[in-house]
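Student: Below: one structure in structure tokens.
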Amino acid sequence: MRPSNLRACRLLEIPTVSDPRGNLGFLNELEHVPFSIARSYFLWGVPDGASRGGHAHKNLQQFLIVLNGSLEVALRDDREEMTFSLNHPTTGLFIDRMIWRDLRAFSGNNVTLVLASELYNPDDYIRDFHDYEDLMRLATNHKG
Ligand code: T46
């Protein structure tokens, strides 16, 4: 398992072609999305006040695009936290492996598309923050 890289998590611009008919955004694998895409899923109809996430992934990398509405994403490792506000389909958020994420403040009309580097695997999830901290400590010690 590679160590966390909170600083690698970042907003990435999604190329968009606009003309009088509207807008078209596109994403090329390994060019605009920094990994090979194995799966996509989407979130919608999230009730007011609900939050999602609350876990980290051992290996999975993801790219979030808010297609409609808005959303706040809090990312943290065992040392620091970064918060991103997503509210436009011209910007996506890359989330590296071994990053704890909380998704909150979903607007009522929110639709969020997620591109993922691997197929769904429940064993890839770390759902307890203390377990996450232990794994981070181990990874740091291994690095020396
Ligand atoms: C993440 C955040 C942003 C599947 O069967 N296949 C899938 O591809 C996914 C993503 C989920 N599921 C099932 C597993 C659960 O029974 O759907 C149910 C809800 O999943 P979960 O509670 O993990 O949903 P979120 O929104 O808390 O987390 C999801 C992703 O699981 C996670 O990887 O980073 O969105």
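The values are calculated or read from the model by the stated rules, or taken from the named source; none is laboratory data. Bear in mind that the values here come from a model prediction, so they are computed numbers and not experimental data. Note that we place each Cβ from the backbone using ideal geometry, even for glycine, and neighbour counts take in every protein chain shown.
Student: Need the failing condition index for Leu60 against (1) without any contact (Cβ under 8 Å) to a residue 40 or more places away in the chain; (2) aliphatic (A, V, I, L, M); (3) within 17 Å of Glu118 (Cα to Cα), just the number.
Tutor: Of the numbered conditions (1) without any contact (Cβ under 8 Å) to a residue 40 or more places away in the chain; (2) aliphatic (A, V, I, L, M); (3) within 17 Å of Glu118 (Cα to Cα), the odd one out for Leu60 is (1).
Student: Would you mind telling me which numbered condition in (1) within 24 Å of Glu31 (Cα to Cα); (2) basic (Lys, Arg); (3) away from the ligand (no atom under 13 Å from the Cβ) Arg97 fails?
Tutor: For Arg97, the exception is condition (3).
Student: In region 22-52, how many residues are more than 15 Å from Thr112 (Cα to Cα), of a type outside the set (A, V, I, L, M, F, W, C) and surrounded by 10 or more Cβ atoms within 10 Å (Cβ to Cβ)?
Tutor: Within region 22-52, residues that are more than 15 Å from Thr112 (Cα to Cα), of a type outside the set (A, V, I, L, M, F, W, C) and surrounded by 10 or more Cβ atoms within 10 Å (Cβ to Cβ) number 5.
Student: Please determine whether any residue of region 48-55 is in contact (Cβ under 8 Å) with a residue 24 or more places away in the chain, touching a strand residue (DSSP E or B) at 6+ places or on another chain (Cβ under 6 Å) and away from the ligand (no atom under 12 Å from the Cβ).
Tutor: Within region 48-55, none of the residues are in contact (Cβ under 8 Å) with a residue 24 or more places away in the chain, touching a strand residue (DSSP E or B) at 6+ places or on another chain (Cβ under 6 Å) and away from the ligand (no atom under 12 Å from the Cβ).
Student: I've got another one for you. Please state which of the following conditions Glu118 fails to meet, knowing it meets all the rest: (1) in a loop (DSSP other than H, G, I, E, B); (2) away from the ligand (no atom under 12 Å from the Cβ); (3) more than 15 Å from Ala8 (Cα to Cα).
Tutor: Going through (1) in a loop (DSSP other than H, G, I, E, B); (2) away from the ligand (no atom under 12 Å from the Cβ); (3) more than 15 Å from Ala8 (Cα to Cα) one by one, Glu118 breaks only (2).
Student: Look through Val114, Val66 and report the one residue that is crowded, with 18+ Cβ neighbours inside 10 Å, touching a Ser or Thr at 6+ places or on another chain (Cβ under 9 Å), modelled with pLDDT of 95 or more and aliphatic (A, V, I, L, M). Outline the logic, then answer.
Tutor: Values: Val114 fails: crowded, with 18+ Cβ neighbours inside 10 Å.
Just a single option satisfies the conditions, and that option is Val66.
Student: Touching a residue at least 12 places away in the same chain (Cβ under 8 Å) and either out of contact with any His (no Cβ under 7 Å at 6 or more places or on another chain) or surrounded by 15 or more Cβ atoms within 10 Å (Cβ to Cβ) (or both): is that true of Glu13 in this structure? Let's see the steps before the verdict.
Tutor: Values: touching a residue at least 12 places away in the same chain (Cβ under 8 Å): yes; either out of contact with any His (no Cβ under 7 Å at 6 or more places or on another chain) or surrounded by 15 or more Cβ atoms within 10 Å (Cβ to Cβ) (or both): yes.
For Glu13, the condition - touching a residue at least 12 places away in the same chain (Cβ under 8 Å) and either out of contact with any His (no Cβ under 7 Å at 6 or more places or on another chain) or surrounded by 15 or more Cβ atoms within 10 Å (Cβ to Cβ) (or both) - is met.
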